[in-house]
Amino acid sequence: MTKTCLFEGAATALITPFSGGRVDFDALEKLIEFQIGGDIDALVIAGTTGEASTLTDTEHRAILTFAVRAARGRVPVIAGTGSNDTAHAIDMSRFACRAGCDGLLLVTPYYNRATPRGLAESYRKIADETDRPILLYNVPSRTGVHLSAEALRPLAGHERIVGIKEASGDVGFASRLRAEFSDSFSLYCGNDDITVPFLALGGKGVISVLSNLFPREVTAMCRKCREGDFDGAMADQLRFLPLIDALFAEVNPIPVKCAAAMMGLCREEYRLPLCPPSDGVRGRLEKLVGKKQN
């Protein structure tokens with residue numbers, strides 16, 4: 001079975017800007033233009049980095065609709081529509097399809113700690129009731145559940161489940177996914193610090209936090225991998241490693257939103273329980289963002 005490839009290269013897990021407690025749509029439009037102007041290959045809207053867990057359903061829908069209109073078909077827009085409640089995920093996913101999103105990103109149901117069978121049945125039901133390509137999202141550090149090969153095997157033949165964002169940080173697990181499921185799923189890296197090793201294993205690209213700040217550079221790094229210049233790509237990876245470490249020194253998206261505000265891309269405003277970073281992390285970001293800009 002030939003499945004759709006949603007994108008190759010770099011997709012930005014876009015932050016959601018706030019102002020005065022509300023979504024700042026003016027800033028969101030500027031962020032989208034900054035990304036597209038930086039040659040980004042795709043946008044992920046209302047994912048983990050977009051603080052989806054504290055968006056109301058009304059805000060979530062409005063952001064997806066706005067992003068599709070702002071992107072104007074220039075890059076694929078992938079909607080974060082996962083939930084710990086399968087019915088809610090279906091409802092939000094159906095809306096994203098109607099709004100014109102090009103694909104869906106579905107995180108593993110958090111808190112429930114579903115069994116492999118439960119995960120497979122949940123994903124199959126969502127896929128059966130929607131009409132866009134789906135990326136599954138494995139991030140056990142945030143959800144408390146691991147998307148195992150056992151859960152993936154029943155889904156391998158579903159025509160709309162086309163890829164996996166693998167964010168466990170385990171390159172060995174990624175290699176085993178590649179070995180078993182290369183004909184079933186496109187693999188996307190979900191950890192900025194291992195983008196190049198992941199792509200060397202045959203990954204299609206990265207869904208990146210770093211590219212909120214440097215879309216052109218992350219896109220270029222992925223392009224080098226596609227062209228076989230892994231030495232050049234690894235040099236880029238290592239050059240950005242101190243900044244990547246700082247971006248994850250506190251829970252994402254606290255540091256990246258702080259850094260984006262330093263660059264004038266948005267206001268530094270979060271929703272509790274997220275809060276501004278420590279002085280130490282802020283100081284690291286000030287040095288690194290300034291250094292990267294010079």
Checklist entry - Does residue 10 satisfy being modelled with pLDDT of 95 or more and either touching a strand residue (DSSP E or B) at 6+ places or on another chain (Cβ under 6 Å) or buried (at least 18 other Cβ atoms within 10 Å of the Cβ) (or both)? => result yes
Item to check | Among the candidates 46, 27, residue that is open to solvent by less than 60 Å² (accessible area, probe 1.4 Å), of a type in the set (A, V, I, L, M, F, W, C) and touching a residue at least 40 places away in the same chain (Cβ under 8 Å) | outcome: 27
Checklist entry - Can you spot a residue in segment 251-262 that is in contact with a Phe, Trp or Tyr (Cβ under 8 Å, 6 or more places away or on another chain) and farther than 19 Å from residue 44 by Cα? => result no
Checklist entry - With respect to the numbered conditions (1) crowded, with 19+ Cβ neighbours inside 10 Å; (2) out of contact with any Phe, Trp or Tyr (no Cβ under 8 Å at 6 or more places or on another chain); (3) among the β-branched types (Val, Ile, Thr), which one is the sole condition not fulfilled by residue 54? => result (1)
Checklist entry - Does residue 94 satisfy the criteria of being under 21 Å from residue 163 (Cβ atoms), part of a helix (DSSP H, G or I) and open to solvent by 40 Å² or more (accessible area, probe 1.4 Å)? => result yes
Item to check | Residue check, residue 53 assigned to a loop (DSSP other than H, G, I, E, B) and under 20 Å from residue 122 (Cα atoms) | outcome: no
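Here's the yes/no breakdown for (1) over 19 Å from residue 198 (Cα atoms); (2) in contact with a His (Cβ under 8 Å, 6 or more places away or on another chain); (3) surrounded by 16 or more Cβ atoms within 10 Å (Cβ to Cβ):
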| position | (1), (2), (3) |
| --- | --- |
| 213 | yes, no, yes |
| 221 | no, no, yes |
| 224 | no, no, yes |
| 228 | no, no, no |
| 231 | no, no, no |
| 257 | yes, no, yes |
Next on the checklist: Considering only residues that are open to solvent by less than 10 Å² (accessible area, probe 1.4 Å), outside any helix (DSSP H, G or I) and among the hydrophobic types (A, V, I, L, M, F, W, C), which ones fall in segment 233-255?
Outcome noted: none
Checklist outcome for this item: The condition from (1) in contact (Cβ under 8 Å) with a residue 12 or more places away in the chain; (2) open to solvent by 10 Å² or more (accessible area, probe 1.4 Å); (3) farther than 24 Å from residue 273 by Cα; (4) touching a Ser or Thr at 6+ places or on another chain (Cβ under 9 Å) that residue 65 misses is numbered (4)
Item to check | Options 110, 137: the member that is at pLDDT 95 or above, under 22 Å from residue 52 (Cα atoms), of a type in the set (Phe, Trp, Tyr) and not in a helix (DSSP H, G or I) | outcome: 137
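The values are calculated or read from the model by the stated rules, or taken from the named source; none is laboratory data. Just so it is clear, the structure is predicted and the values come from calculations on it, not from any experiment. Note: ideal-geometry Cβ built from the backbone for every residue, glycine included; neighbour counts use all protein chains shown. When the accessible area is computed, the model is the full protein with side chains, heavy atoms only, and any ligands, DNA or RNA have been set aside. Shrake-Rupley method; radii C 1.70, N 1.55, O 1.52, S 1.80 Å.
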